[in-house]
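Notes follow the structure.
Taken together, the values in this text are just the output of simple stated rules run on the coordinates, not laboratory data. Computed from a predicted model, the values in this text were never measured in an experiment. So basically every Cβ, Gly included, is an ideal-geometry build from the backbone, and we count neighbours across all protein chains shown.
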Amino acid sequence: MKYWKIKVPKILGVLCLSIVLQAQSFGSVVKLVDILVNEVGLQNSLTKFGIRGNSATEVNSYVNNSIRALYGLDNVRPTAKELKKIVNNIKTKTNKDKRYKAYLVDLLSKSDENLTEADLVKAINSLIYLANRHGKNSSAVLACTACVSETLSSRGFEFTLEIMSNSKSKQVLTKMLPSDPRSLTNFINVRLSRFKVGDLSKAGDLVLPEEEKALGLFLGLKEIGTKEQKKLIKAIEAVSTNKSGKVNIINKKNPHKLWKIFSEDISDSEIEGWTKLLNEVASKSKGKVSKKETFFEILENRAKDDPNLQDRVQILKNKNCFFQ
């Protein structure tokens with residue numbers, strides 16, 4: 001009896017996985033698109049390439065969030081055929097968007113048998129990128145690229161896509177920001193001009209296409225954010241103020257991306273901590289063009305007696321988090 005209690009569930013688990021994948025594409029070869037719309041299939045593919053535990057859970061979450069954003073329905077999962085149609089119908093304008101779409105379209109039809117780890121990673125990166133750029137009124141936003149875990153980063157994963165739970169952030173993402181990338185750029189240009197806080201045409205590579213949604217979120221929160229969020233926004237603007245008192249949050253001479261702080265859910269206490277830190281940075285860096293040195297001097301001073309904090313500060317430096 002002991003044998004059956006232990007062994008049968010394992011055997012059934014393998015059989016169920018096989019049946020699910022076969023049912024997904026009965027009578028034909030299982031392809032990557034079949035795997036992506038099936039959590040069990042994706043989990044199996046990740047395991048095959050040695051991606052397990054928390055790393056696999058994270059990737060599954062990013063893929064689910066991406067598909068939800070592209071499909072436009074939170075509680076309904078598209079079929080493989082529907083996902084292919086959605087991707088094929090994405091209207092791309094920029095070369096970067098076109099490149100990621102071409103990658104994904106090509107890889108979706110690749111058979112599971114011939115799929116390499118590099119293929120899977122490239123497809124998931126492309127899916128996340130496109131979902132962030134072309135998702136339909138979604139509360140998902142691309143988090144800081146440097147926030148990809150060390151384990152996943154070492155395997156080539158480039159992006160994380162998070163579903164925001166903060167009510168004001170969700171309101172901006174789903175009600176204010178346009179889904180179309182060109183309209184989003186226009187939204188950003190209008191707000192930057194209205195608030196007199198920068199010029200996107202002069203930002204160069206400081207704002208990448210995949211980061212425009214995070215910048216739009218920042219500008220939307222400047223309009224409708226909570227009292228605490230607006231205090232942090234003012235602190236970011238203080239760090240972005242030059243010698244003549246002009247604010248430029250996307251200044252190549254003071255190249256920071258502090259506006260991306262809002263691309264992840266942060267608590268009121270974290271907002272308060274960031275606000276105090278950045279006000280101190282602004283106060284101690286008056287007269288300096290770049291605020292990066294002051295930012296890290298303050299962090300290092302705070303972390304001098306805490307090895308764990310020292311490691312975290314070093315990670316911020318190594319990954320160019322917030323400051324370029």
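So how tilted is helix 53-71 from the main axis of the chain? Cα-based, degrees 0 to 90, rounded to 10.
That helix lies at roughly 80 degrees to the long axis.
In debye, nearest 20, what is the charge dipole magnitude of the chain about its Cα centre with +1 on Lys and Arg Cβ and -1 on Asp and Glu Cβ, if you could check?
In total the dipole reaches around 840 debye.
Suppose we keep just the alpha-carbon trace of region 267-324; what are its Rg and Dmax in angstrom?
11.7, 32
Given all pairs of different Cα atoms, what value in angstroms does the Kirkwood hydrodynamic radius of the chain take?
21.5 Å
With axes computed from alpha carbons, what is the tilt in degrees of helix 307-318 against the longest principal axis of the chain, rounded to the nearest 10 within 0 to 90?
90 degrees
Which value in deg cm²/dmol, rounded to the nearest 500, describes the helix-derived mean residue ellipticity at 222 nm for the chain, given -39,500 (n - 2.57) per DSSP H run of n ≥ 4 and division by the residue count? Mind dumping the intermediate values first?
Numbers: 15 runs with 190 residues, N = 324.
Mean residue ellipticity, 222 nm, calculated: -18500 deg cm²/dmol.
Using the 2.2 N^0.38 Å rule of thumb for compact globular proteins, work out how region 48-159 stacks up: its C-alpha Rg over that value, please.
1.03
Can you tell me the FRET efficiency between VAL289 and ASN54 if r is taken as the Cβ-Cβ distance and R0 is 41 Å, rounded to the nearest 0.05?
Working from the Cβ atoms, E equals 0.50.
Give the long-range amide H neighbours of ALA140: residues separated by 5 or more places, or on another chain, with amide H under 5 Å away, using H modelled in the peptide plane at 1.01 Å from N.
Sorted by chain and number, the residues that satisfy this are MET164.
For region 181-324, with equal point scatterers placed on the C-alpha atoms only and solvent neglected, what are the log10 I(q)/I(0) values from the Debye formula at q = 0.13, 0.16, 0.22 1/Å, to two decimals?
-0.56, -0.86, -1.58
In the neighborhood of VAL30, defined by Cβ-to-Cβ distances under 9 Å, what is the net charge if each Lys or Arg adds +1 and each Asp or Glu adds -1?
-2
Past 23 Å, Cα to Cα, is the threshold; run LYS227/LYS286; LYS260/LYS319; LYS98/LYS253; LYS48/LYS101; LYS252/LYS319; LYS234/LYS319 against it and keep the listed order.
Working: LYS227/LYS286 25 Å; LYS260/LYS319 14 Å; LYS98/LYS253 30 Å; LYS48/LYS101 25 Å; LYS252/LYS319 18 Å; LYS234/LYS319 25 Å.
Exceeds cut-off: LYS227/LYS286; LYS98/LYS253; LYS48/LYS101; LYS234/LYS319.
How far apart, in nm, are the 7 Å Cα→Cβ label points at SER193 and ASP119?
Reported label-point gap for SER193 and ASP119 is 4.8 nm.
Sort SER240, SER55 by Cβ crowding within 10 Å, fewest neighbours at the top.
In increasing order of surrounding Cβ atoms, one gets SER55, SER240.
Pop out the ³J(HN,Hα) list for region 114-121 in order, Karplus 6.51 cos²θ - 1.76 cosθ + 1.60 with θ = phi - 60°, rounded to Hz; leave Gly and Pro as x.
Coupling constants for region 114-121: 9, 6, 9, 4, 4, 4, 4, 5 Hz.
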